[in-house]
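Chemist: Sending over a structure as structure tokens; questions will come in a sec.
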Amino acid sequence: MDGTIQRWMLMTHSTPDLKVLVSRKKKQVRAAFRQTCFERDGYACVMCTFQSTPARAEEELDAHHIADRTLMPNGGYVEENGISLCADCHHKAEIFHSTGHPQAGYSLEDLYEAIGSSYEKALGASARSS
Ligand SMILES: [Zn+2]
């Protein structure tokens, strides 16, 4: 890179600003959370056993936050708070988040139990993450 370009970059502050860096970090945290959940769950929906594959998981599965992001320190991007769900099961699990009333079989307790976790475990793990 020649001196002219360097001077221009300094003048225009054309380095990534903090907002860009923060959103990049968030994207990485989200991607890692999805990957960890999908791998642990064998690329299958935990609730109905729908089987996906590593290649199709990004399209066919969701890494659902069992307790909503807003209720967890650091957003709950930890495997103790995540469960791989197909689109149908994800919709059922989201009913609780949107209405406050769980669909039968898809309460927070049901979802935590299905992955051998609990709200307390998820809370602890999330508090330790950053
Ligand atoms: Zn399912």
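Just so it is clear, none of the values below were taken in a lab; they were calculated from the coordinates. For clarity, every value in this text was computed on a predicted model and none was experimentally measured. Reconstructed Cβ throughout: ideal geometry from the backbone, glycine too, with neighbour counts over all protein chains shown.
Chemist: Conditions: (1) under 18 Å from the mean Cα position of the chain (by Cα); (2) loosely packed, with under 14 Cβ neighbours inside 10 Å. H101 meets all but one. Number of the miss?
Modeler: (1)
Chemist: Scan the stretch 43-57 for residues that are more than 19 Å from H91 (Cβ to Cβ) and of a type in the set (A, V, I, L, M) and jot them down.
Modeler: If we filter the stretch 43-57 for residues that are more than 19 Å from H91 (Cβ to Cβ), which is where we start, we get 43, 53-55.
Across the stretch 43-57, the qualifying residue is only A55.
Chemist: For the stretch 69-80, indicate whether the set of residues that are within 14 Å of the ligand (Cβ to nearest atom), surrounded by 20 or more Cβ atoms within 10 Å (Cβ to Cβ) and either farther than 22 Å from E120 by Cβ or not aliphatic (A, V, I, L, M) (or both) is non-empty. Don't jump to the end; show me each part of the working.
Modeler: Filtering the stretch 69-80 down to residues within 14 Å of the ligand (Cβ to nearest atom) leaves none.
So far as the stretch 69-80 goes, no, none of its residues is within 14 Å of the ligand (Cβ to nearest atom), surrounded by 20 or more Cβ atoms within 10 Å (Cβ to Cβ) and either farther than 22 Å from E120 by Cβ or not aliphatic (A, V, I, L, M) (or both).
Chemist: OK, next. Restricting attention to the stretch 30-68, which residues are β-branched (V, I, T), in contact (Cβ under 8 Å) with a residue 12 or more places away in the chain and either loosely packed, with under 13 Cβ neighbours inside 10 Å or more than 15 Å from the ligand (Cβ to nearest atom) (or both)?
Modeler: Taking the stretch 30-68 and keeping what is β-branched (V, I, T), we get 36, 46, 49, 53, 66.
Filter once more, keeping what is in contact (Cβ under 8 Å) with a residue 12 or more places away in the chain: 36, 46, 66.
Listed by number, the list holds a single entry, T36.
Chemist: Run S84 past the list (1) of a type in the set (S, T, Y); (2) surrounded by fewer than 18 Cβ atoms within 10 Å (Cβ to Cβ); (3) within 15 Å of the ligand (Cβ to nearest atom) and report the number of the one that doesn't hold.
Modeler: Against the list (1) of a type in the set (S, T, Y); (2) surrounded by fewer than 18 Cβ atoms within 10 Å (Cβ to Cβ); (3) within 15 Å of the ligand (Cβ to nearest atom), S84 comes up short only on (2).
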